[in-house]
1. Scan the stretch 3-58 for residues that are within 16 Å of the ligand (Cβ to nearest atom) and among the aliphatic types (A, V, I, L, M) and jot them down.
2. Counting only residues that are assigned to a loop (DSSP other than H, G, I, E, B) and in contact with a Ser or Thr (Cβ under 7 Å, 6 or more places away or on another chain), how many does the stretch 69-103 have?
3. For the stretch 1-67, list the strands (runs of 3 or more DSSP E) that sit wholly inside it and hold at least 3 residues that are modelled with pLDDT of 95 or more and farther than 30 Å from residue 93 by Cβ; which are they?
4. If residue 61 meets every condition in (1) touching a Pro at 6+ places or on another chain (Cβ under 6 Å); (2) among the polar types (S, T, N, Q); (3) within 16 Å of the ligand (Cβ to nearest atom) apart from one, which number is that one?
5. Take the residues in the stretch 85-113 that are touching a helix residue (DSSP H, G or I) at 6+ places or on another chain (Cβ under 6 Å) and on the phi < 0 side of the Ramachandran plot, then tell me which one is surrounded by the most Cβ atoms within 10 Å (Cβ to Cβ).
6. Out of all the residues in the stretch 104-127, which are in a strand (DSSP E or B), touching a Gly at 6+ places or on another chain (Cβ under 8 Å) and closer than 13 Å to residue 64 by Cα?
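The values are calculated or read from the model by the stated rules, or taken from the named source; none is laboratory data. Computed from a predicted structure; not experimentally measured. Quick reminder, even Gly has a Cβ in these numbers, built from the backbone with ideal geometry, and neighbours come from all protein chains shown.
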Amino acid sequence: MSNAKGSRTVIYPCIKCPTSCEIVVVEREDGSLEVSGNVCKLGNEYVRKEHTSPERNVTTTVKLLGAAIPRLPVRTSCEVPKDRVMEVMAHSARVLVQAPVKEGDVVLAAVAGTKADLIACRSLDRV
Ligand code: SF4
């Protein structure tokens with residue numbers, strides 16, 4: 001929402017604890033942020049990051065050959081920029097893993113050129 005003075009107001013539900021505070025971020029014309037509605041410092045840190053450079057962990061599955069199931073659950077080793085998530089998914093869709101595989105194995109390093117590796121979430125033997 002834009003305000004009359006040229007500032008922008010966004011309300012974020014804080015996801016850092018079950019209290020779920022609604023935190024208001026007012027972004028001024030000069031780029032400075034005013035944060036209110038948070039009960040604690042964690043919420044302040046969370047919304048500042050969410051407002052300026054949001055990141056997400058990605059979980060998905062990749063093709064798996066030679067195991068009892070055809071898909072291997074995987075996740076990113078760390079958060080990736082939110083606007084790169086679809087790119088990470090597209091790269092993951094091209095991955096083919098051959099069993100056996102161990103939980104924690106890197107199935108794709110630096111996925112989509114990010115700092116995150118794609119990691120196996122479970123171990124599966126060859127059948
Ligand atoms: S601001 Fe603090 S108390 Fe409120 S939801 Fe976030 S972490 Fe919980």
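1. To start, the set of residues in the stretch 3-58 that are within 16 Å of the ligand (Cβ to nearest atom) comprises 10-25, 33-51, 54.
Passing the criteria: 10, 11, 15, 23, 24, 25, 33, 35, 39, 42, 47.
2. Taking the stretch 69-103 first, the residues assigned to a loop (DSSP other than H, G, I, E, B) are 69-70, 77-79, 93-95, 99-100, 102-103.
Next, from what is left, pick out any that are in contact with a Ser or Thr (Cβ under 7 Å, 6 or more places away or on another chain): 102-103.
Residues flagged as assigned to a loop (DSSP other than H, G, I, E, B) and in contact with a Ser or Thr (Cβ under 7 Å, 6 or more places away or on another chain) within the stretch 69-103 amount to 2.
3. Values: elements: 8-13, 22-27, 33-36, 59-65.
Once the strands (runs of 3 or more DSSP E) in the stretch 1-67 are filtered for at least 3 residues that are modelled with pLDDT of 95 or more and farther than 30 Å from residue 93 by Cβ, what remains is 8-13, 22-27, 33-36.
4. (3)
5. First, the residues of the stretch 85-113 that are touching a helix residue (DSSP H, G or I) at 6+ places or on another chain (Cβ under 6 Å): 87-88, 91, 111-112.
Applying the additional criterion that residues be on the phi < 0 side of the Ramachandran plot yields 87-88, 91, 111.
Values: 87: 15, 88: 22, 91: 18, 111: 26.
Among those residues, the one meeting the criterion is 111.
6. Our first condition is that a residue be in a strand (DSSP E or B); within the stretch 104-127, this holds for 106-108, 118-120, 124.
Narrowing further to those that are touching a Gly at 6+ places or on another chain (Cβ under 8 Å): 119-120.
Selection gives 120 alone.
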